[in-house]
Ligand code: NAD
C-alpha cells in the first residue's frame, strides 16, 4: 500500500483517479478547491484549499507521500480556454500551483510526481490541415500553442523537467488529448465538446436542432476516462519521464461526433453551425511514442464511451429539469 496525494481530486480526472487508486488499496489524500460534484470522494482524507497559496501547499504535504499526482489547473473546454476572457487567470493560477508545488516536494524529499499536461501545447501551424495534424511529441518545438492555456502547460512541463535535471525530481508527464466520460462537467461554461453535445442532444426535442460551433469539420480524438487512468497508471509504473501523449488515435470531425451522439440518443435531430470558439483545425493523438515506451496504446473505443456518457448526461438533464435548475 502506497501513500498517495492527488491534487485536483475534486475534478473530473482527479476524482476518477482517486477511485482507481483506492481500488488498488492505496491510501489516498485528495486536495482541491471543491469536493467532486457528482459523487462522494473515495479518498481516505480530503482537504479543501487553494494550491495558489504556498503555505497551504506546505500544509498539505504533512507526511512522506510515495507518489503525488498533480491534476489541479484552471481549465475548461473551448468556451473557456479559447474565448480569450480567462487568459490571464489561466496562466497565473495554473503556473502558481506548479511553482508552489515542486520546491515543496523537493524540500520534503518527495520525488515521484505525475503532471497532467495537454495536447494544447502543440504548435498551431502543425494543426491547420484537419486530415493530417502532427502531434508527435517531438513536434512541440519550435513552440506555438494555440492558447495561453497551452503556453502555461508547456512552461510547467519545462519546470518539471528542469527540477529533474537540477534537483533529482522524478516526474512523469502526460499530454492528455480530450478526455471525456461520466461525471465530467456537462454545463456551466467549462464543459468540453463530448459532454456539451450530449447535453444539447439530451435537451433537444425530437425533430429539433442542435448548435455546433464553427463548421464542424475540425477534427479531434476523444479518450474515455477509464483508458486515460490506465495510461496514467502505466506511465507512473514505467521508467519513462515523458512528455508522452495519452489519447485516442481515432480521429473524427466534430460533425461526426455529434452525429454519433444523435444516433445513440435515437432522436431525429439536425445540426446548425453557429460562430464560436473552435481551437485548431485538426488534432489527433500520435501514439507511436507511448507504444514504444509503455508497449501499450489506448484501444480508442469512442462509441462505447459515448454511449455511457450520453446515458449519464441524459440522466443529469432529466434530474435538473425535474428540480427546475
Ligand atoms: P477539472 O477542471 O475537472 O479538474 C481540475 C481541478 O483542479 C478542479 O477540480 C479545480 O477545482 C482544481 N483546481 C483548480 N485550481 C485550483 C487551486 N488553485 N487549488 C486547488 N484546486 C484547484 O479538469 P480535468 O478535466 O479533470 O483535468 C485535470 C487535469 O488534466 C488538468 O490539469 C487539465 O489541464 C489536464 N487536461 C485535461 C484534459 C481533458 O480533456 N479533460 C485534456 C488535457 C489536459
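The values are calculated or read from the model by the stated rules, or taken from the named source; none is laboratory data. Predicted, not measured: the structure shown is a model, and the values here were computed from it. Cβ placement follows ideal geometry from the backbone for every residue including glycine, while neighbour counts extend to all protein chains displayed.
I'd like to verify a number: residues in segment 75-106 that are touching a strand residue (DSSP E or B) at 6+ places or on another chain (Cβ under 8 Å) and free of Cβ contacts under 8 Å to residues at least 12 places away in the same chain, how many? So the count comes out to 0. A single member of 33, 7, 61 is more than 9 Å from the ligand (Cβ to nearest atom) and either touching a helix residue (DSSP H, G or I) at 6+ places or on another chain (Cβ under 6 Å) or at pLDDT 95 or above (or both), and it is 61. Of all residues in segment 81-92, at least one satisfies being under 17 Å from the mean Cα position of the chain (by Cα) and part of a loop (DSSP other than H, G, I, E, B). Per the listing 96, 106, 101, the residue uniquely buried (at least 23 other Cβ atoms within 10 Å of the Cβ) and farther than 24 Å from residue 223 by Cα is 101.
Look through segment 63-80, keep the residues that are assigned to a loop (DSSP other than H, G, I, E, B) and over 24 Å from residue 237 (Cα atoms), and return whichever of them is farthest from the chain's Cα centre (by Cα).
First, pick out the residues of segment 63-80 that are assigned to a loop (DSSP other than H, G, I, E, B): 63-66, 71-77.
Filter once more, keeping what is over 24 Å from residue 237 (Cα atoms): 74-77.
Working: 74: 11, 75: 9, 76: 9, 77: 10 Å.
The extreme case among them is 74.
Please work out which one of (1) within 13 Å of the ligand (Cβ to nearest atom); (2) touching a helix residue (DSSP H, G or I) at 6+ places or on another chain (Cβ under 8 Å); (3) not in a loop (DSSP other than H, G, I, E, B) is the condition residue 18 fails and give its number. If we test residue 18 against (1) within 13 Å of the ligand (Cβ to nearest atom); (2) touching a helix residue (DSSP H, G or I) at 6+ places or on another chain (Cβ under 8 Å); (3) not in a loop (DSSP other than H, G, I, E, B), just (2) comes out false.
Of all the criteria given as (1) touching a strand residue (DSSP E or B) at 6+ places or on another chain (Cβ under 7 Å); (2) surrounded by fewer than 21 Cβ atoms within 10 Å (Cβ to Cβ); (3) at negative phi; (4) outside the structural domain of residue 104 (by TED's automatic domain parsing), the one not satisfied by residue 170 is (4). When segment 33-60 is filtered for residues that are touching a strand residue (DSSP E or B) at 6+ places or on another chain (Cβ under 6 Å), farther than 21 Å from residue 185 by Cβ and part of a loop (DSSP other than H, G, I, E, B), only 44 remains. Restricting attention to segment 64-93, the residues being crowded, with 17+ Cβ neighbours inside 10 Å and either within 12 Å of the ligand (Cβ to nearest atom) or within 25 Å of residue 186 (Cβ to Cβ) (or both) number 17.
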